[in-house]
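Remarks on the structure that follows.
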Amino acid sequence: ISKNTSNEKSKVRTKHIHVWCVVLTYALFITRILWKSSNSARLQNRWIKIAPHAIDSTLLITGVTMAAFLKLDLFSINWFSIKMMLLVSYIFIGIIAMRSAALRMPLTALATTVFLVIIYLAANRPSI
């Protein structure tokens, strides 16, 4: 395998992991919000406490890795840096939504909006 082919496979693998983490983070977020709203005992399962951290960490790591593959400047204002700031915001909004019953639904709506903006930025890569 040539170095170029190996590098391309790494890019594709990283992108697939990243996209799966996108799907998993949102699906798990909504599931946890529904369970929290119904006081489900399922929230006490060990995996449900660990999985969001593992998925979100993988999401951040693969995002930065893909930026390196694309040779993006991580410290300038561009679609990618805005996407990463929004990703961190999405994570923190989700944490607060899980902890505050009074703010749960509005913050879930806000997190969903932020999530959709992230998807838009990733899909369209606008020049900013």
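The values are calculated or read from the model by the stated rules, or taken from the named source; none is laboratory data. All figures in this text were calculated on a predicted structure; none of them were measured in a lab. Please note: Cβ atoms are built from the backbone with ideal geometry, for glycine as well, and neighbour counts cover all protein chains shown. Heads up: the accessible areas ignore ligands, DNA and RNA and are worked out on the full protein's heavy atoms, side chains in. Shrake-Rupley method; radii C 1.70, N 1.55, O 1.52, S 1.80 Å.
Per-residue answers, yes or no, for (1) among the hydrophobic types (A, V, I, L, M, F, W, C); (2) surrounded by fewer than 18 Cβ atoms within 10 Å (Cβ to Cβ):
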| position | (1), (2) |
| --- | --- |
| PHE80 | yes, no |
| MET85 | yes, yes |
| SER89 | no, yes |
| SER100 | no, yes |
| LEU103 | yes, yes |
| THR112 | no, yes |
| PHE115 | yes, no |
| ILE118 | yes, no |
| PRO126 | no, yes |
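Just the residues that are touching a residue at least 12 places away in the same chain (Cβ under 8 Å) and aliphatic (A, V, I, L, M), please, taken from region 31-69.
Result: ILE33, ILE48, ALA51, ILE55, LEU59, LEU60, VAL64, MET66, ALA67.
With the requirement that a residue be touching an Asp or Glu at 6+ places or on another chain (Cβ under 9 Å) and closer than 14 Å to SER37 by Cα, what does region 91-113 give you?
Once the filter is applied, which keeps residues that are touching an Asp or Glu at 6+ places or on another chain (Cβ under 9 Å) and closer than 14 Å to SER37 by Cα, region 91-113 yields only GLY94.
State all residues of region 67-115 that are in a loop (DSSP other than H, G, I, E, B) and under 25 Å from LEU28 (Cα atoms); if no residue qualifies, say none.
SER100, ALA101, ALA102, LEU103
If you go through region 25-60, how many residues are closer than 21 Å to VAL114 by Cβ and open to solvent by 80 Å² or more (accessible area, probe 1.4 Å)?
2
Among (1) more than 21 Å from TYR120 (Cβ to Cβ); (2) within 19 Å of the chain's Cα centre (by Cα); (3) basic (Lys, Arg), which single condition is LYS9 missing?
Every condition holds for LYS9 apart from (2).
Can you pull out the residues in region 29-64 that are within 11 Å of the chain's Cα centre (by Cα) and of a type in the set (Phe, Trp, Tyr)?
PHE29
Exactly one condition in (1) within 10 Å of the chain's Cα centre (by Cα); (2) over 25 Å from PRO106 (Cα atoms); (3) at pLDDT 95 or above is false for TYR26; which is it?
Going through (1) within 10 Å of the chain's Cα centre (by Cα); (2) over 25 Å from PRO106 (Cα atoms); (3) at pLDDT 95 or above one by one, TYR26 breaks only (2).
List every residue pair whose Cβ atoms sit under 7 Å apart, with the two residues 6 or more apart in sequence or on different chains, where the first one lies in region 102-125 and is on the phi > 0 side of the Ramachandran plot and the second, anywhere, is open to solvent by less than 60 Å² (accessible area, probe 1.4 Å) and among the aromatic types (Phe, Trp, Tyr).
Cβ pairs passing all conditions: ARG125/TRP79.
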